[in-house]
1. As a test of the formula, what do you get for the chain when each DSSP H run with n ≥ 4 contributes -39,500 (n - 2.57) and the sum is divided by the residue count, at 222 nm and rounded to the nearest 500 deg cm²/dmol?
2. Check each of the trypsin sites (Lys or Arg not before Pro) in the range 31-84 and keep only those in coil by DSSP with at most 16 other C-beta atoms within 10 angstrom; list them in order.
3. Report, as a whole number in µm² per second, the diffusion coefficient that Stokes-Einstein gives for the chain at 25 °C and 0.890 mPa s using the Kirkwood radius over alpha carbon pairs.
4. Sort Thr190, Thr8, Thr44, Thr37 so the one with the fewest other Cβ atoms within 10 Å of its own Cβ comes first.
5. Would you work out which of Met182, Met55, Asn14 lies farthest towards the positive end of the dipole of the range 13-184? Charges go on Cβ: Lys and Arg +1, Asp and Glu -1.
6. Among Leu24, Tyr112, Phe66, whose Cα sits farthest toward the positive end of the charge dipole of the range 1-119 (+1 at Cβ of Lys/Arg, -1 at Cβ of Asp/Glu, about the Cα centre)?
7. I need the GluC sites (Glu not before Pro) found in the range 9-66, filtered to DSSP loop residues with at most 12 other beta carbons within 10 Å of theirs.
8. Gaussian network model of the chain, Cα springs within a sub-10 Å range: biggest mean-square fluctuation belongs to which of Ile90, Ile39, Ile73?
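Read the figures in this text as sums done on the coordinates, not as results from a lab. Because the structure is a prediction, the values reported are computed rather than measured. Ideal geometry is used to build each Cβ from the backbone, glycine not excepted, and the neighbour counts take in all protein chains shown.
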Amino acid sequence: MLGLKLPTDPRWVNIVEKNIDEILTDHAYCEQKAASTAISLIVTFPEYPDLVQEMVALSREEMGHFKMVHDLILSRGSTLGRYRKDEYVIALMKFFPKGGDRKTQLVHRLLYAALIEARSCERFRLLSEELQDKELAEFYRKLMVSEAGHYTMFLKFARKFGDRKAVDQKWQELLEYEAEIMRDLGKKETVHG
């Protein structure tokens, strides 16, 4: 369903289980960045009212998820760790060339967002199925459903604002590129890395 070309190695969950505080901190910041992305799309592309409406709702939802993760961190007797760069997103953002007209920029940003959400969904599914901590597994199962909706929403908008055939070709190329990135990642207790 997600179209990812390289699934996460299930052994990644073993790394996560040894570093729960680290994955929760990384996850919290991923939710905050997702909310920031939604707000950025509003600010940059205000001429698309349907996109703006969806991004308003998404920014609220993602900050709600941030709060849920933060509350979970606190309930486990920890505090939110420091922010760190997301190697996955940094590498992913190198795929499309900079510049181009506004529609092209919008489509590229929507495709990036769709892929990030798809990978998050895939990782959350793995955590929901493989974590020994059943409370945490259930937490990730609930979030997985939400992430799948985000992925499809971003892809739908990319196809709406761009030429469908061209967008689908770019999407496939981006999926192939992302698979190459993932070959070098999956060895850290981060949502994407």
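1. Details: 7 runs with 142 residues, N = 193.
Computed ellipticity for the chain at 222 nm equals -25500 deg cm²/dmol.
2. Details: sites: Lys33, Arg60, Lys67, Arg76, Arg82, Arg84; in loops: Arg76, Arg82, Arg84.
Those that pass, being in a loop and sparsely packed, are Arg76, Arg82, Arg84.
3. On the way: Rh = 17.1 Å.
Rounded, D is 144 µm²/s.
4. Numbers: Thr190 24, Thr8 18, Thr44 12, Thr37 21.
Fewest-to-most Cβ neighbours within 10 Å comes out as Thr44, Thr8, Thr37, Thr190.
5. Met55
6. Toward the positive end, the furthest listed residue is Tyr112.
7. Glu47
8. Taking springs between Cα atoms under 10 Å, the residue moving most is Ile90.
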